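Quick note: the coordinates plus some simple rules give every number you see, no bench work behind them. The structure displayed is predicted, hence computed values, not measured ones. All Cβ positions, even for glycine, are placed from backbone atoms using ideal geometry, and neighbour counts span all protein chains on display.
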Ligand code: HEM
Ligand code: HEM
């Protein structure tokens, strides 16, 4: 029984902060990748790493969830907000890069990373997604900001061990 764990398993902590790094890299390099240049290349690579880390994190969650620190909630509403936020964050990790790929795939017939052409099958979508990818990406970034703010409130105002559990 590991319910008294104070910290997330090390590998979960690593995956959590790696995700943050890739999300930030994708966000701050964001522009249409077809405009060329290093920013577009970085956007696709960092964004795709976010997608890959979604699956790694789902695997880690299922493998280690019984070792996650137990959370004590002040109210039923706080518990629901916590669960909903976690669901949104995981959903964003999957949906934002996927929508990015579908956008690229529907507007381009090909794309090269470091001069290497990517397989044609990645460019067969003809869904017209408009601005849905940037829109959902910005909502996702806002939620991440709120999640980070909540962690800082725990650390500096409530002075509990929530932030330490992820370090
Ligand atoms: C967490 C990952 C990602 C985030 C946060 C993100 C965020 C954004 C944002 C904010 C924009 C708008 C940029 C602007 O117009 O100034 C954008 C554009 C774009 N992104 Fe991503 N993106 C991510 C992953 C990806 C991936 C994996 C691809 C796949 C190739 C991609 C493809 C695109 C495309 C094609 C556009 C241009 C869309 C348009 O002009 O309508 N993104 N992204
Ligand atoms: C500065 C940015 C961030 C800070 C300070 C932060 C802080 C934390 C802390 C303290 C925890 C442990 C408490 C809890 O379970 O809620 C946590 C968990 C979590 N964080 Fe973050 N985080 C940040 C960025 C992100 C990003 C970019 C994502 C991805 C979308 C994310 C997704 C999660 C998820 C899903 C959990 C639950 C544990 C898990 O399933 O791995 N966080 N975060």
Relative contact order (%) - the range 68-167, alpha-carbon pairs under 8 angstrom, separation at least six: 24
Alpha carbon centroid spacing (whole Å) that separates the range 72-104 from the range 1-46: 15
Cα principal axis extents for the range 1-127, largest first, Å: 52, 28, 26
Average Cα contact separation per residue, the chain, under 8 Å, 6 or more apart, as relative contact order %: 24
Most to least packed among 146-159, 19-32, 108-121 [average Cβ atoms within 10 Å]: 19-32, 146-159, 108-121
